[in-house]
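Before any comments, here is the structure.
The values are calculated or read from the model by the stated rules, or taken from the named source; none is laboratory data. Since the structure is predicted, the reported quantities are computational estimates derived from the model, not experimental observations. Neighbour counts run over all protein chains shown; Cβ positions are idealised from the backbone, glycine included.
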Amino acid sequence: MKEPQNNSVGQDTNIIQLKSVGVIRNQSKAPGWDGNLSKLDWRERAARMRKQSESVSELIIDAGLDGVLDGIDDFSHIMVIYWAHLVPAERRSTTRVHPMGNRKFPLVGVFATRSPVRPNSILTSVVRLIERRGNVLQVTGLDALDGSPILDIKPYQPCNEPKDIKIPDWMKKIHYEFGGNAKG
């Protein structure tokens, strides 16, 4: 039996190549880690991100992938898996952050957050599917930037959600600011 390899994050021994299946188009041009947005109070950042997620985005699927969207219109919500293409390479080595840039929140590992700054800038969003027109899906609830490559789309199935979810208080405050169900 082959021994498992002990690979550090910095080694490229397990490189995976992905091909995008489409591109995201919307009015969101500025990343949250740029100079202007990072100077805002975390609640102001949350308000801007909430406004962004309430706007309409288009998911333009490559025309050569005929048939991949058949039946998707039967779902009210879908999961979009995409690449945070504007995260600079040097930011991908960040391992710990204060959520939403709020220093009152604990310093936690990036895997405990939804930050786009992570070793692999793969992000997911559950979005409301408004309409399908051929190879274009219109959605709301997407926090991606314009031009983000789409890696995959899956139907959202709430029946797979666990019933005993636990989240920390700082995340409840973020959800509250976004208008979610968690109390702050």
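Listed here are the residues, each with its yes/no results for (1) surrounded by 19 or more Cβ atoms within 10 Å (Cβ to Cβ); (2) out of contact with any Leu (no Cβ under 6 Å at 6 or more places or on another chain); (3) farther than 23 Å from Thr95 by Cβ; (4) at pLDDT below 95.
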| site | (1), (2), (3), (4) |
| --- | --- |
| Val110 | no, yes, no, yes |
| Pro119 | no, yes, no, yes |
| Ile130 | no, yes, yes, no |
| Val136 | no, yes, yes, no |
| Asp143 | yes, yes, no, yes |
| Asp152 | no, yes, yes, no |
| Ile167 | no, yes, no, yes |
| Phe178 | no, yes, yes, yes |
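Among the residues of segment 41-85 satisfying the criterion of being in contact with a helix residue (DSSP H, G or I) (Cβ under 7 Å, 6 or more places away or on another chain) and farther than 19 Å from Gln27 by Cβ, which is modelled with the lowest pLDDT?
Trp42
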